[in-house]
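Worksheet: the structure to be examined is printed underneath.
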Amino acid sequence: MWGGRFAGGPSAIMREINASIPFDKALWRQDIAASTAHVEMLAQRGIVSAEDAAAIGRGLEAIAGEYEANGVPENWDLEDIHMVTESRLAELIGPAAGRLHTARSRNDQVATDFRLWVRDAIDQAKAGLMALQVALVARADEHAASIMPGFTHLQTAQPVTLGHHLMAYYEMAERDRSRFADARVRLNQSPLGSAALAGTGFPIDRAMTARALGFDRPTRNSLDAVSDRDFAIEYLTCAAQTSLHLSRLAEELIIWASQPFGFVTLPDSLSTGSSIMPQKKNPDAAELVRGHAGRIVGSLTSLMVTMKGLPLAYSKDMQNDKVPVFEAAGLLTLCLAAMAGMIEGATFRTGRMRAAAELGYATATDLADWLVRQAGIPFREAHHITGAAVKLAEQKGVALDQLSEQDFALIDPRITASVYHALSVDASVASRASYGGTAPDQVRARVAEARIALGQE
Ligand code: ARG
């Protein structure tokens with residue numbers, strides 16, 4: 001493609017280090033679409049004859065058919081998807097193929113193809129997040145009043161409802177989805193027509209190609225358009241944040257599925273057995289969702305470090321933009337699907353959860369609140385009195401509501417029998433009816449809002 005200036009061909013090492021075809025062949029659909037839009041515009045502007053443009057268009061269509069049927073041939077001599085396609089076009093239609101590359105460069109070509117690819121990846125991530133949200137909302141509705149211990153420091157803190165806990169992840173997924181949507185808005189401008197770096201002298205119509213490819217408008221600066229990959233970094237940032245959220249839920253499922261907890265049984269279809277211990281059922285899918293977050297964050301780091309300090313405009317370093325994005329996108333799709341499957345198929349062992357909530361003095365705050373409300377005691381003092389009650393219960397090896405009236409009277413004479421109502425885990429969660437709190441009514445209200453947001457109602 002550039003033979004004119006060169007006396008000899010590239011060495012084997014040069015061919016190998018230079019080739020991006022082994023991975024950028026994944027861009028073939030985008031590359032054909034962008035070339036098709038480009039040649040239609042060239043014809044419309046009279047830069048290429050209608051006849052040549054039609055031949056090029058038909059040729060591109062035929063090549064798409066070949067790629068679809070047999071995959072993209074990996075010819076290292078041709079370096080990348082752009083040259084593999086152009087060279088095949090020349091084989092198919094002859095010299096007219098050489099007119100396709102008028103008023104463009106591989107620099108704006110790859111920037112355009114990659115934006116189109118990342119745009120699809122964003123749409124896929126949004127769909128995957130939504131499917132996970134649908135699963136979370138369904139299970140949260142079912143378990144709006146199921147009681148479990150809420151933790152801080154992984155120590156029993158206060159009783160919460162399982163529905164509330166699941167809806168916490170719904171909210172995270174909602175923000176993740178909106179981050180992807182925001183990134184899409186900034187990404188959706190067409191670099192095509194920026195050419196190598198400076199624009200072109202041909203009378204092209206950039207708005208036309210932008211429209212044809214579903215972009216909102218052409219980019220405003222050709223140097224910027226061929227040399228920035230912030231859209232890909234932003235995608236990876238969104239993917240990394242999503243994977244961090246998924247890894248936390250995965251970790252909780254792993255803990256909950258352990259025998260000492262026994263809060264959940266994960267579906268067989270997303271678990272594995274052990275080759276030596278017949279009793280084992282391992283939460284491998286959850287562990288891999290947790291583990292894959294490391295690789296997705298690594299992809300983000302990889303591209304950020306690649307871009308750091310690069311002068312304008314295009315540099316070959318940027319060819320390394322694709323692998324991390326492709327890897328992260330594949331992993332994210334898989335993780336979202338695995339997590340949705342685990343949430344849908346999980347059997348929550350509500351009896352175990354409730355029993356755990358009843359241990360660990362989870363209603364101690366309710367006792368303190370009762371002292372404030374019913375006996376007019378300042379919260380700090382109430383906290384102290386409650387501490388004494390917990391200490392006594394611990395000494396006796398009983399739960400708070402198993403202390404006798406006499407026990408309570410000895411701790412503080414202002415405690416009366418009506419305190420027992422406050423000490424049950426049901427009363428505890430029902431009382432936390434502040435907006436966004438764990439009370440079943442609050443959870444049901446949030447579930448109803450979520451269903452509307454998801455277009456289910
Ligand atoms: N294979 C290159 C990439 O993926 C395409 C752009 C090459 N441009 C150039 N001037 N060498 O980034």
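The values are calculated or read from the model by the stated rules, or taken from the named source; none is laboratory data. Note that the structure is a prediction, hence the values are computed from the model and not measured. With ideal geometry, Cβ positions are generated from the backbone for all residues, glycine too; neighbour counts draw on all protein chains shown.
Okay, residues lined up against (1) among the small types (G, A, S); (2) within 22 Å of the chain's Cα centre (by Cα); (3) within 16 Å of the ligand (Cβ to nearest atom):
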| site | (1), (2), (3) |
| --- | --- |
| M277 | no, no, no |
| K322 | no, yes, yes |
| L331 | no, yes, no |
| G341 | yes, yes, no |
| F348 | no, no, no |
>> For the stretch 50-91, which positions are away from the ligand (no atom under 16 Å from the Cβ), among the hydrophobic types (A, V, I, L, M, F, W, C) and within 15 Å of Q30 (Cβ to Cβ)?
In response: L60, I63, A64
> For T265, which of the numbered conditions (1) within 30 Å of M148 (Cα to Cα); (2) within 20 Å of the chain's Cα centre (by Cα) fails to hold?
Replying inline: (2)
>> Quick check on my filter: what residues within the stretch 67-94 are in contact (Cβ under 8 Å) with a residue 60 or more places away in the chain and either part of a loop (DSSP other than H, G, I, E, B) or over 16 Å from F23 (Cα atoms) (or both)?
In response: E79, D80, E86, S87
> Which of the helices (runs of 4 or more DSSP H) contained wholly in the stretch 5-57 include at least 1 residues that are of a type in the set (K, R)?
Replying inline: 12-18, 28-44
> Which residue pairs have Cβ atoms closer than 7 Å, lie 6 or more positions apart in sequence or on different chains, and pair a first residue in the stretch 214-232 that is in contact (Cβ under 8 Å) with a residue 24 or more places away in the chain and among the polar types (S, T, N, Q) with a second residue that is part of a helix (DSSP H, G or I) and crowded, with 22+ Cβ neighbours inside 10 Å?
Replying inline: T219/A225
> When residues of the stretch 40-86 are filtered for being under 18 Å from A96 (Cβ atoms) and charged (D, E, K, R), how many remain?
Replying inline: 7
> When the stretch 280-337 is examined, which residues are found to be touching a strand residue (DSSP E or B) at 6+ places or on another chain (Cβ under 7 Å) and modelled with pLDDT under 95?
Replying inline: N282
> Which of the residues that make up the stretch 95-111 are in a helix (DSSP H, G or I), crowded, with 21+ Cβ neighbours inside 10 Å and more than 9 Å from the ligand (Cβ to nearest atom)?
Replying inline: A97, D108
>> If the requirement is being of a type in the set (D, E, K, R), in contact with a His (Cβ under 8 Å, 6 or more places away or on another chain) and in contact (Cβ under 8 Å) with a residue 12 or more places away in the chain, which of these qualifies: R99, R104?
In response: R104
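Going by what's in this entry, would A362 be described as more than 16 Å from the ligand (Cβ to nearest atom), among the small types (G, A, S), surrounded by 18 or more Cβ atoms within 10 Å (Cβ to Cβ) and within 30 Å of E394 (Cβ to Cβ)?
Details: more than 16 Å from the ligand (Cβ to nearest atom): yes; among the small types (G, A, S): yes; surrounded by 18 or more Cβ atoms within 10 Å (Cβ to Cβ): yes; within 30 Å of E394 (Cβ to Cβ): yes.
When the stated conditions are applied, A362 passes them.
I need the full set of residues from the stretch 75-113 which are modelled with pLDDT under 95 and within 33 Å of the chain's Cα centre (by Cα), in order please. Please lay out each step first, then the result.
From the stretch 75-113, those modelled with pLDDT under 95 are 75-79; that's our starting set.
Hit for the stretch 75-113 is E79, nothing else.
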> In the stretch 140-164, how many are surrounded by 21 or more Cβ atoms within 10 Å (Cβ to Cβ) and assigned to a helix (DSSP H, G or I)?
Replying inline: 4
>> Report every pair of residues separated by at least 6 positions or lying on different chains whose Cβ atoms are under 9 Å apart, first residue within the stretch 379-400 and among the basic types (K, R), second surrounded by 14 or more Cβ atoms within 10 Å (Cβ to Cβ).
In response: K396/L403; K396/D407
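One line per residue, one yes/no per condition, for (1) away from the ligand (no atom under 16 Å from the Cβ); (2) in contact with a Leu (Cβ under 9 Å, 6 or more places away or on another chain):
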{"position": "I93", "(1), (2)": "yes, no"}
{"position": "D113", "(1), (2)": "no, yes"}
{"position": "V118", "(1), (2)": "no, yes"}
{"position": "M130", "(1), (2)": "yes, yes"}
{"position": "H143", "(1), (2)": "yes, yes"}
{"position": "G150", "(1), (2)": "yes, no"}
{"position": "Q155", "(1), (2)": "yes, no"}
{"position": "G163", "(1), (2)": "yes, no"}
{"position": "V185", "(1), (2)": "yes, no"}
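Listed here are the residues, each with its yes/no results for (1) polar (S, T, N, Q); (2) in contact (Cβ under 8 Å) with a residue 60 or more places away in the chain; (3) in contact with a Lys or Arg (Cβ under 9 Å, 6 or more places away or on another chain).
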{"residue": "F326", "(1), (2), (3)": "no, yes, no"}
{"residue": "L334", "(1), (2), (3)": "no, no, no"}
{"residue": "A337", "(1), (2), (3)": "no, yes, no"}
{"residue": "E344", "(1), (2), (3)": "no, yes, yes"}
{"residue": "T347", "(1), (2), (3)": "yes, yes, no"}
{"residue": "G351", "(1), (2), (3)": "no, no, no"}
{"residue": "A357", "(1), (2), (3)": "no, yes, no"}
{"residue": "A362", "(1), (2), (3)": "no, yes, no"}
{"residue": "A375", "(1), (2), (3)": "no, no, yes"}
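Condition check: over 29 Å from the mean Cα position of the chain (by Cα) and either among the small types (G, A, S) or farther than 30 Å from G262 by Cβ (or both). Does A399 satisfy that? First the steps, then the outcome.
Details: over 29 Å from the mean Cα position of the chain (by Cα): yes; either among the small types (G, A, S) or farther than 30 Å from G262 by Cβ (or both): yes.
In short, yes.
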